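See below for the structure under consideration.
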Amino acid sequence: MQTDFTPAQLADPHMAASEAVIRKCVHCGFCTATCPTYVLLGDELDSPRGRIYLIKDMLENERVPGPDVVSHVDRCLSCLSCMTTCPSGVNYMHLVDHARAYIERRYRRPLVERALRAAVAAILPVPGRLRAGLRLARLAQPLAPLLDQVKPLRPAAAMLRLAPPALPPKAGLATANARGPRGRVVVMQGCAEPVLRPEIRAATVRLLERCGYQVSFAAGEACCGALTHHMGKEASALQSARGNVDAWTREIEAGLEAIVITASGCGTTVKDYGFMLRDDPAYAAKAAKVSALAKDISEVLEEAGLPARVEVPALTVGYHPPCSIQHGQKITAAPQNLLRAAGFSVRLPADAHLCCGSAGTYNIFQPEIAGQLGTRKAETLAQLRPDVVATGNIGCAVQIGQHMELPVVHLVELLDWATGGPAPAPLAKAAIG
């Protein structure tokens, strides 16, 4: 694609990076077939190719974005399916992230929308605030139908509906005392996952210790920054990234095999820290080292090999590969191979490449589209007739669980169970296993 940026514009490293991405696009349109919003809406401007045209025009002309442009960019899930499909290697992720930051700086959203986005950015990344917010949301859930009747308040209604009926007890951090034969790893603590499903962390620790790792947690670690990054709040996201780089650098200096991440949405962002902080002389090298050590839990377990199996029921697992795993991190075989090695039968839905509609905060701010995608995903998973649904991201688990009755678990819960751990709570509740 031809571009017309001025030398002055290209002196900005962000603009130069986006220009390089745009120039790689050859207008082929392969991306439209795998873009969830184009598949649902049929609007060229709600496809990656269409959004690239809009972003190119906005950046080249340094336009103040209008509501139409913002709406089309907001409707992007950042599922990155287009990057898997693209034959030209267009890094759409970096382009749309830049566009969102540009919009955040130059577009003034309506007051209610600004307030809701500010509240989400302040609450979701902080576990203590999230826990308190979910408790309040449960009390306010009867108001959701009323909020649905006012279009600007529909995201608030979506937030209320996402609140679970009860929260598990707060889990502490337990670390191993002895160094394991495979060395030491740090498990990322996360923000939403330990509040909603602390058993995922517990299963991860048990599994890694059985594999021979010493498991630690990094003091000073916080949210990875993904939630604010995809909302265009660049300064906040970079602040989170720098804080985590500092925390993990201390661990690296003490000897570290890997930074293990169980929420694949976080993993995609942490693996991109090297790019996000590439122009920061104080952090560029450290961030690149952190990104190189960041691994999804499935990568670590595949390399180590599963511990000895114990007898558990031979369940059929409907596996939902999160977009952030298959498209963001290009990990496709490892989770399925691990589940099969643990003795489970694994089936993938026909639309395995398409997003479930969670996408960070997407199911809050775009509840109608997210609802359609969630219903579609639940239907294709149900067609597999599985005993349980497994995934590798807490957001996907919550989203899919909203749309189907089958138990939905993280794959490490099944792997832990198959190698000596307790049965996952959703299975026990459903009297399975």
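Regarding R75, is this residue modelled with pLDDT of 95 or more and either open to solvent by 40 Å² or more (accessible area, probe 1.4 Å) or touching a strand residue (DSSP E or B) at 6+ places or on another chain (Cβ under 9 Å) (or both)? Answer is yes for this residue. Pairs are defined by a Cβ separation below 6 Å, a sequence spacing of at least 6 or placement on different chains, a first member in region 343-363 that is of a type in the set (D, E, K, R), and a second member that is open to solvent by less than 40 Å² (accessible area, probe 1.4 Å) and part of a loop (DSSP other than H, G, I, E, B); the pairs so defined are R347/L384. Annotation: of all residues in region 290-302 being closer than 15 Å to R184 by Cβ and assigned to a helix (DSSP H, G or I), the one that is most open to solvent (accessible area, probe 1.4 Å) is L293.
Among the listed residues P164, P168, which satisfies the condition of being more than 28 Å from M58 (Cβ to Cβ), under 21 Å from the mean Cα position of the chain (by Cα) and not in a helix (DSSP H, G or I)? Even if it seems obvious, please write down each step before you answer.
Values: P168 fails: under 21 Å from the mean Cα position of the chain (by Cα).
Result: P164 is the single residue among P164, P168 that is more than 28 Å from M58 (Cβ to Cβ), under 21 Å from the mean Cα position of the chain (by Cα) and not in a helix (DSSP H, G or I).
The single residue among R340, R309 that is at pLDDT 95 or above and open to solvent by 10 Å² or more (accessible area, probe 1.4 Å) turns out to be R340. With respect to being in a helix (DSSP H, G or I) and either surrounded by fewer than 19 Cβ atoms within 10 Å (Cβ to Cβ) or among the β-branched types (V, I, T) (or both), P145 fits the description.
With respect to A235, is the statement that it is open to solvent by less than 10 Å² (accessible area, probe 1.4 Å), in a helix (DSSP H, G or I) and either out of contact with any Cys (no Cβ under 8 Å at 6 or more places or on another chain) or in contact (Cβ under 8 Å) with a residue 12 or more places away in the chain (or both) true? No: the conditions fail for A235. Out of E379, E405, one residue alone is outside any helix (DSSP H, G or I), without any contact (Cβ under 8 Å) to a residue 60 or more places away in the chain, open to solvent by 40 Å² or more (accessible area, probe 1.4 Å) and over 18 Å from P155 (Cβ atoms). It is E405. The residues of region 217-275 that are farther than 20 Å from V205 by Cα and of a type in the set (D, E), listed by number, are E234, D246, E253, D272.
Yes/no per residue for (1) in contact with a Cys (Cβ under 8 Å, 6 or more places away or on another chain); (2) not hydroxyl-bearing (S, T, Y):
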| position | (1), (2) |
| --- | --- |
| P13 | no, yes |
| E19 | no, yes |
| I22 | no, yes |
| T32 | no, no |
| T37 | yes, no |
| L40 | no, yes |
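Taking the conditions (1) in a helix (DSSP H, G or I); (2) surrounded by fewer than 19 Cβ atoms within 10 Å (Cβ to Cβ) in turn, P281 satisfies each one other than (1). Taking every residue in region 35-47 that is over 13 Å from D74 (Cα atoms) and pairing it with any residue that is of a type in the set (S, T, N, Q) and open to solvent by 10 Å² or more (accessible area, probe 1.4 Å), at least 6 positions away or on another chain, the pairs with Cβ-Cβ distances below 7 Å are Y38/T32; L40/Q372. Within region 34-81, the set of residues being of a type in the set (S, T, Y) and part of a helix (DSSP H, G or I) comprises T34, T37, Y38, Y53, S71, S81.
Kindly indicate whether any position in region 23-33 is in contact (Cβ under 8 Å) with a residue 40 or more places away in the chain and within 23 Å of the chain's Cα centre (by Cα). Walk me through how you get there before you give the answer.
Taking region 23-33 and keeping what is in contact (Cβ under 8 Å) with a residue 40 or more places away in the chain, we get 24-26, 28, 30-31, 33.
Next, only the ones that are within 23 Å of the chain's Cα centre (by Cα) stay: 31, 33.
Checked region 23-33: at least one residue is in contact (Cβ under 8 Å) with a residue 40 or more places away in the chain and within 23 Å of the chain's Cα centre (by Cα).
Here's the yes/no breakdown for (1) among the small types (G, A, S); (2) under 30 Å from R114 (Cβ atoms); (3) modelled with pLDDT under 95:
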| position | (1), (2), (3) |
| --- | --- |
| A247 | yes, no, no |
| E253 | no, no, yes |
| G265 | yes, yes, yes |
| A292 | yes, no, no |
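The values are calculated or read from the model by the stated rules, or taken from the named source; none is laboratory data. The shown structure was predicted, so the numbers you read here are calculated from the model rather than taken from an experiment. Cβ: placed from backbone, ideal geometry, glycine included. Neighbour counts: every protein chain shown. These area figures cover heavy atoms from the full protein model, side chains too; ligands, DNA and RNA do not enter into them. Shrake-Rupley method; radii C 1.70, N 1.55, O 1.52, S 1.80 Å.
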